[in-house]
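First comes the structure, then the notes that go with it.
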Amino acid sequence: MLPGKTMTTSHAVATPEPRWSRRREWSADNVVGFMMKQAVDHPECIGLAAGLVDPGTLPLEATRQATAALLTDDQMLRQALQYGTTEGAVHLRDLLLEYLADLEQVPVEKLGISRDQVVLSTGSQQMLSLLCQAVLDPGDVCLIADPTYYVMLSTVRGQGARAVSVSSDEEGMKLDSLEAQLKQLAANGELDRVKMVYVVSDYDNPRSVSLSTGRREQLVALVESFSTKQRILVVEDAAYRELYYDGESRPSVWSFDRDRRTVALVQTFSKCFSPGLRVGFAVLPEHLVEAVLDLKGNEDFGSTSFSQHILASVLEQGLLAEHVVRLRSTYAAKRDVLLEAATDYLGDADGVSWHEPSGGLYVWLSLPEEVDAGLRGSLFARAVQDEQVMYVPGQLCYCGDGESRPGHQLRLSFGVETPERLAEGMMRLARAIRAEL
């Protein structure tokens, strides 16, 4: 205390709570975090929920071989250990042009793009987020086929934009439904708010349904015909493109974009090689590249360089193709186990049906409409607490809120568990379902 001063008593002033940004508020109640917490809180559960890859399929030997080659090349190793560029390693982007050409079954020069339109990202989710940031303002519209990848719904909401539902069937997004929605938005004077159409083209999450080849070309033409206020961007998420079993490889939606100005193709190596590398990429319309790079520069000014160089070594040595062949065989066998168990334990249950996928990692199970399979429904509690098996409520995969979303469907994943645990998990889930029925 200073000389001549006396101490006075003051009333404590309450510290105000922080004021969150609008983006924080729009991103509240993120279901991904909730589902992850359920898995952590219930480690005893058999996981038919997680969209993770089978740990037994992780490419240990291929990664050792690719890394060994990288470690013996001093020049490449220095590049791998140094900062990279925002768009990603030149060497890998050149290899990705060859990889894409192989998928599309055309020569590289027929792709109609340069490496400058290939941008690397930290998995495909970062790229989906960047595209939403670049294109969507609060109040804008993204048209999405119901049901869909529920993380994308959170990503759209996180921009303050609206996800508007488009109907789908066994051939993917229904184009008559898309056209009807576009016409309705135009009639409402909202066509200028329509900025994006999102489609998971191959073996989608959550149903493992693919957009038919005929609809792919029609989708591009339809979107272009409604791009009168501004060019509407089609975001093609092809995360599961390589994971076909009984199905076939199809040309991408992007391949039908003749002038390469309407479709952004987003892919990842998380499902077909290793999620731990966190390497995804996008092929962007030329006019969108600068915007995405500016936004990405604010986040990381370049995804991890070391992972990019490992993947480049994998592609150079032809190790990815060998791995994908083994992957298809493993997942096809696990899918068959889950489907056989579903038939054994639920085949005679009234009102229970499921889609038999020809690729991807998921089985979509439908129950009678009166069954509440949602997060707060009795089936979810019975499955997790009594039977110790976990699934993703299909309700999370729909646009809209609350009671407007169907609550009687489940997404089951055969990615993580062993065949034995898949069969056991299906038996436990069937007991819970029959108890509800």
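The values are calculated or read from the model by the stated rules, or taken from the named source; none is laboratory data. All values derive from a computational prediction rather than experimental measurement. Glycine also receives a Cβ, built like all others from the backbone with ideal geometry; neighbour counts cover every protein chain displayed. Note: areas computed on protein heavy atoms with side chains; ligands, DNA, RNA excluded. Shrake-Rupley method; radii C 1.70, N 1.55, O 1.52, S 1.80 Å.
Tally the residues that are surrounded by 15 or more Cβ atoms within 10 Å (Cβ to Cβ) and assigned to a helix (DSSP H, G or I), restricting the search to segment 294-315. Walk me through how you get there before you give the answer.
Kept after step one, since they are surrounded by 15 or more Cβ atoms within 10 Å (Cβ to Cβ), are these residues of segment 294-315: 295-296, 299, 302-315.
Now narrow it down to the ones that are assigned to a helix (DSSP H, G or I): 295-296, 299, 305-315.
Residues in segment 294-315 being surrounded by 15 or more Cβ atoms within 10 Å (Cβ to Cβ) and assigned to a helix (DSSP H, G or I): 14 in total.
Pairs, please: C-beta under 6 Å, at least 6 apart or cross-chain, first residue under 14 Å from L120 (Cβ atoms) and touching a residue at least 12 places away in the same chain (Cβ under 8 Å) and in segment 72-93, second outside any helix (DSSP H, G or I) and open to solvent by 70 Å² or more (accessible area, probe 1.4 Å)?
T86/F301
Mind listing just one residue for me: the one in segment 324-350 that is open to solvent by 60 Å² or more (accessible area, probe 1.4 Å) and assigned to a loop (DSSP other than H, G, I, E, B) and, of those, farthest from L60 (Cα to Cα)?
D350
Among the residues of segment 357-375, write down those that are more than 16 Å from P393 (Cα to Cα) and either among the hydroxyl-bearing types (S, T, Y) or loosely packed, with under 13 Cβ neighbours inside 10 Å (or both).
Once the filter is applied, which keeps residues that are more than 16 Å from P393 (Cα to Cα) and either among the hydroxyl-bearing types (S, T, Y) or loosely packed, with under 13 Cβ neighbours inside 10 Å (or both), segment 357-375 yields only S358.
Considering segment 371-397 alone, what residues qualify as being of a type in the set (D, E) and farther than 23 Å from S165 by Cα? Even if it seems obvious, please write down each step before you answer.
At the first step, the residues of segment 371-397 found to be of a type in the set (D, E) are 372, 386-387.
Passing the criteria: D386, E387.
Any idea which of (1) assigned to a loop (DSSP other than H, G, I, E, B); (2) touching a Cys at 6+ places or on another chain (Cβ under 8 Å) is the one R411 doesn't satisfy?
Of (1) assigned to a loop (DSSP other than H, G, I, E, B); (2) touching a Cys at 6+ places or on another chain (Cβ under 8 Å), only one is false for R411: (1).
Determine, yes or no, whether P147 is buried (at least 21 other Cβ atoms within 10 Å of the Cβ) and in a loop (DSSP other than H, G, I, E, B). Full working, then the answer.
Values: buried (at least 21 other Cβ atoms within 10 Å of the Cβ): yes; in a loop (DSSP other than H, G, I, E, B): yes.
In short, yes.
All but one of (1) open to solvent by less than 30 Å² (accessible area, probe 1.4 Å); (2) within 20 Å of V363 (Cβ to Cβ) hold for Y244; state the number of the condition that does not hold.
Going through (1) open to solvent by less than 30 Å² (accessible area, probe 1.4 Å); (2) within 20 Å of V363 (Cβ to Cβ) one by one, Y244 breaks only (1).
Among the residues of segment 189-209, is any surrounded by fewer than 15 Cβ atoms within 10 Å (Cβ to Cβ), modelled with pLDDT of 95 or more, more than 22 Å from the chain's Cα centre (by Cα) and farther than 21 Å from P138 by Cβ?
Restricting attention to segment 189-209, the residues satisfying the condition of being surrounded by fewer than 15 Cβ atoms within 10 Å (Cβ to Cβ) are 189, 192.
Of the ones still in play, those that are also modelled with pLDDT of 95 or more are 189, 192.
Pick out the ones that are also more than 22 Å from the chain's Cα centre (by Cα) and you get 189, 192.
Retained after the next criterion (residues that are farther than 21 Å from P138 by Cβ): none.
No, segment 189-209 contains no residue that is surrounded by fewer than 15 Cβ atoms within 10 Å (Cβ to Cβ), modelled with pLDDT of 95 or more, more than 22 Å from the chain's Cα centre (by Cα) and farther than 21 Å from P138 by Cβ.
I'd like the residue in segment 167-188 that is hydroxyl-bearing (S, T, Y) and farther than 27 Å from A332 by Cα and, out of all such residues, is surrounded by the fewest Cβ atoms within 10 Å (Cβ to Cβ). If you could, list the steps in order and put the result at the bottom.
Applying the first criterion (hydroxyl-bearing (S, T, Y)) to segment 167-188 yields 167-168, 177.
Those still in the list that are farther than 27 Å from A332 by Cα too: 167, 177.
Working: S167: 14, S177: 17.
Among them, the one singled out is S167.
Does segment 274-293 contain at least one residue that is open to solvent by 40 Å² or more (accessible area, probe 1.4 Å), under 17 Å from the mean Cα position of the chain (by Cα) and among the basic types (K, R)?
yes
Search segment 357-385 for residues that are basic (K, R) and pair each with any residue that is open to solvent by 40 Å² or more (accessible area, probe 1.4 Å) when their beta-carbon atoms are under 9 Å apart and the residues are at least 6 apart or on different chains.
The qualifying pairs are R382/R431; R382/A435; R382/E436.
Taking segment 224-257 as the region of interest, how many residues are touching a residue at least 24 places away in the same chain (Cβ under 8 Å) and assigned to a loop (DSSP other than H, G, I, E, B)?
Within segment 224-257, the subset touching a residue at least 24 places away in the same chain (Cβ under 8 Å) is 224, 226-247, 249-257.
Narrowing the set further to residues that are assigned to a loop (DSSP other than H, G, I, E, B) leaves 226-232, 238-243, 245-247, 249-253, 257.
So the answer is 22.
May I ask you to list the residues in segment 382-418 that are more than 18 Å from S366 (Cβ to Cβ) and among the polar types (S, T, N, Q)?
Those that are more than 18 Å from S366 (Cβ to Cβ) and among the polar types (S, T, N, Q): Q385, Q388, T418.
Residues that are surrounded by 16 or more Cβ atoms within 10 Å (Cβ to Cβ) and modelled with pLDDT of 90 or more: which helices (runs of 4 or more DSSP H) entirely in segment 1-120 hold 2 or more of them?
Working: elements: 22-26, 31-41, 60-71, 74-81, 90-104.
Filter on segment 1-120 gives 60-71, 74-81, 90-104.
Hey, any hits in segment 316-323 for a residue that's outside any helix (DSSP H, G or I), closer than 29 Å to S121 by Cα, modelled with pLDDT of 95 or more and open to solvent by 50 Å² or more (accessible area, probe 1.4 Å)?
Pass one, segment 316-323, residues outside any helix (DSSP H, G or I): 317-318.
Filter once more, keeping what is closer than 29 Å to S121 by Cα: 317-318.
Restricting the remaining residues to those that are modelled with pLDDT of 95 or more gives 317-318.
Checking the rest, the ones that are also open to solvent by 50 Å² or more (accessible area, probe 1.4 Å) come to 317.
Checked against the condition, which is being outside any helix (DSSP H, G or I), closer than 29 Å to S121 by Cα, modelled with pLDDT of 95 or more and open to solvent by 50 Å² or more (accessible area, probe 1.4 Å), segment 316-323 yields at least one hit.
Kindly evaluate L410 against the criterion of being in contact with a Gly (Cβ under 8 Å, 6 or more places away or on another chain), over 20 Å from L58 (Cα atoms) and open to solvent by 40 Å² or more (accessible area, probe 1.4 Å). It would help to see each step written out before you state the result.
Working: in contact with a Gly (Cβ under 8 Å, 6 or more places away or on another chain): yes; over 20 Å from L58 (Cα atoms): yes; open to solvent by 40 Å² or more (accessible area, probe 1.4 Å): no.
No; evaluated as a whole, the condition is false for this residue.
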